[in-house]
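The values are calculated or read from the model by the stated rules, or taken from the named source; none is laboratory data. Fair warning: this is a prediction, and the values are worked out from it, not measured in the lab. Counting neighbours? That spans all protein chains shown, and the Cβs are built from the backbone with ideal geometry, glycine included.
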Amino acid sequence: MADLANKYAQNVGGKFYVDDQCIDCDLCRETAPSNFKRDDDGGHSFVYKQPESPEEETLCKEAMEGCPVEAIGNDGE
Ligand code: SF4
């Protein structure tokens, strides 16, 4: 389970975030490209935009459920 205390600083404010367990597998960026991006320097994903439609919300949840290391949380601030 993702830990809010370990979320990357690049995440925009809001409920979805990526924490430091991310292994840079690309799944969330493929699943929800409108919301997840890669930090090329750090080699991990982060949330650059919170979902703004039901469709984006669904894709973000799908990404969260699909993340192999459970690095995505939806209880962020
Ligand atoms: S799906 Fe999980 S491990 Fe893969 S890039 Fe996204 S946050 Fe990182």
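With respect to being surrounded by 11 or more Cβ atoms within 10 Å (Cβ to Cβ), touching a residue at least 24 places away in the same chain (Cβ under 8 Å) and among the small types (G, A, S), G42 fits the description. With respect to (1) within 12 Å of the ligand (Cβ to nearest atom); (2) within 11 Å of the chain's Cα centre (by Cα), the lone exception for K15 is condition (1). Selection over the range 52-76 of residues that are surrounded by 14 or more Cβ atoms within 10 Å (Cβ to Cβ) and of a type in the set (V, I, T) gives a count of 1. Taken over the range 1-23, the criterion of being surrounded by fewer than 13 Cβ atoms within 10 Å (Cβ to Cβ), over 14 Å from Y48 (Cα atoms) and without any contact (Cβ under 8 Å) to a residue 24 or more places away in the chain is satisfied by A5 alone.
Would you check which residues across the range 14-45 are of a type outside the set (A, V, I, L, M) and not in a loop (DSSP other than H, G, I, E, B) and list them? Residues satisfying the conditions are Y17, D19, C28, R29, E30, T31, F36, K37, R38, D39, H44, S45. Among residues of the range 50-77 that are under 9 Å from N35 (Cβ atoms) and assigned to a loop (DSSP other than H, G, I, E, B), those with a Cβ under 7 angstrom from a residue that is more than 13 Å from the ligand (Cβ to nearest atom) and modelled with pLDDT of 95 or more, sequence gap 6+ or separate chain, pair up as Q50/V12; Q50/G14; Q50/K15; P51/E57.
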